[in-house]
Amino acid sequence: MAKLYGMDLGGSGIRYAELHPETLELVGLPTKIDLKEFKESRKLTDFLLSEIPIGSQVGIGAAGNLDPVNLVIAESPNVGLKGELDFPAALARSERTVALTNDMPAGMMGAAVSKMGLTPFWFTNHGSGYNAGYCSEGIPFGSDPLRPNQKVLFELGHVTFNPTKRMQSHSNGIREFVCPGSCGGINHLEAVAAGSSGNKLLSALLKTQKLNHWETLIFSNTMKRLGEDYRGQRIEQTTIDSLTPHVTSSDIFNAYRQSQKWPQDAIYEMQTEGVGLALATMASVFNAKPTPKYIVAIGSFALGERPLMQQARDRFVMGDYSAGLPSMRQAVRNANPTLVFHDDTYVVMKGGAANLIAATEPAKYKEMLRRVK
Ligand SMILES: [Zn+2]
């Protein structure tokens, strides 16, 4: 029987693993390769051709704009390789069966065919960005699984929000929350609900207050070292701009766990509100149908900060937010959905493989869905 592989291309790396062709369970551990090892797209292609055996089936989930017919990734955020990202096409030309899909629908399909049988669920992805979707009956909403290129992605990260009272009380007067990354929009959900928001919020907070000593901050080792260099000096805006990008959301959470002081407590609070608002926005956009039994969360931010996510869910279910119609909030409160965390890489790999099966062996895919329900 042909070997089946699931593959996930993210901004910083590519992961792949062999999957059991019936159950989609992992066979062995995933291999993760840092994209920095390659520089050129051609070298990544050569590497994958040497790793994935001839005759294999490969389902690929990738972030960005892609062409699932010609198997080319036209644009993938944060992938800095030179040349066209066409390794899926190259694999297909060299006697592998390949399906390529966006990582978000792949993730949803992966969660849908997971043996946990979670449907109906909302799907929420908090990582370098924020986006969401929902799945009613084992098939991503709006998608025919036999047409895996159909979009099911809701880019909710760029929907605008009004800061909540609780957010304002921790914001030190920040009025404008700037969307991280290349968007740069003002008061977009991504500015408070994605992991990439951490250092932007830190930067904005530091500019609101005269701090005289870096040692008041206990962030990452990088920050500590830089702090030594700036000991005793007032933090200038340019210094803040050059230093804060070195701080990750996990640095901030680690600082918060060690000591619930400013500014890390303020960032934690604003991000909790941000995720709660994101869930409330999902209620509005999805019209709360189907009422979710589960909220499946993926993304490094969600996985790294489960207590924050749980707290945000609780606030949302209790109806703390103005976004979302009251009747929808009531529906969600009655359903009281369980928050489930999924390893995003695994789910996306599974979804890539599920897409492949849906595209090439529809009967088998339908049988797989039937079994997980
Ligand atoms: Zn934006």
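Annotations
- Value of relative contact order over the chain, rounded to a whole percent, pairs C-alpha under 8 Å and six or more apart: 21
- Pairs exceeding 27 Å between alpha-carbon atoms, taken from LYS3/LYS39; LYS36/LYS207; LYS165/LYS200: LYS3/LYS39; LYS36/LYS207.
- Between 0 and 90°, nearest 10: helix 103-112 axis offset from the chain longest Cα axis: 70
- Across region 1-90, the relative contact order, built from alpha-carbon pairs under 8 Å that are at least six residues apart, equals 31 percent.
- Cα-based shape type of region 1-50, given that a ≥ b ≥ c are square roots of the gyration tensor eigenvalues and the cut on a/c is 1.5: prolate
- Cα shape, region 1-142, gyration tensor, a/c 1.5 rule: oblate
- Neighbourhood net charge (11 Å Cβ-Cβ; Lys/Arg +1, Asp/Glu -1) for GLN311: -2
- Rg(Cα)/(2.2 N^0.38 Å) for region 163-214, N = residue count: 1.14
- Here the simple spin-label model places points 7 Å from the Cα toward Cβ, and for GLU22 and LEU325 these points are separated by 4.7 nm.
- Inter-probe distance in nm under a simple model that places probes 7 Å from Cα toward Cβ, at ASN287 and PHE341: 3.4
- Qualifying aspartates and glutamates (Cα of each under 12 Å from Cα of LYS350; at least 8 residues distant if same chain): ASP8, GLU18, GLU22, GLU25, ASP103
- At R0 = 45 Å, FRET efficiency that the Cβ-Cβ distance of ARG371 and ARG234 yields, to 0.05: 0.10
- 3J(HN,Hα) from dihedral phi, region 70-79, Karplus parametrisation 6.51/-1.76/1.60, rounded to Hz, x for glycine, proline: 8, 6, 10, 9, 5, 7, 10, x, 6, 8
- Using the Cβ of ILE73 as centre and a radius below 10 Å, the other residues enclosed give a net charge of -4, where K and R count +1 and D and E count -1.
- Pairs of alpha carbons in the chain whose separation is greater than 28 Å (percent): 47
- Cβ-based net charge around TYR130, under 11 Å, with every Lys or Arg adding one and every Asp or Glu removing one: -2
- Packing, as the average of other Cβ atoms within 10 Å across residues, places the peptides 87-93, 354-360, 172-178, 155-161 in the order 354-360, 87-93, 155-161, 172-178, highest first.
The numbers here are math on the coordinates, done by the rules we state, and not lab data. Only a predicted model underlies this, so the values are computations on that prediction, with no experimental measurement involved. So basically every Cβ, Gly included, is an ideal-geometry build from the backbone, and we count neighbours across all protein chains shown.
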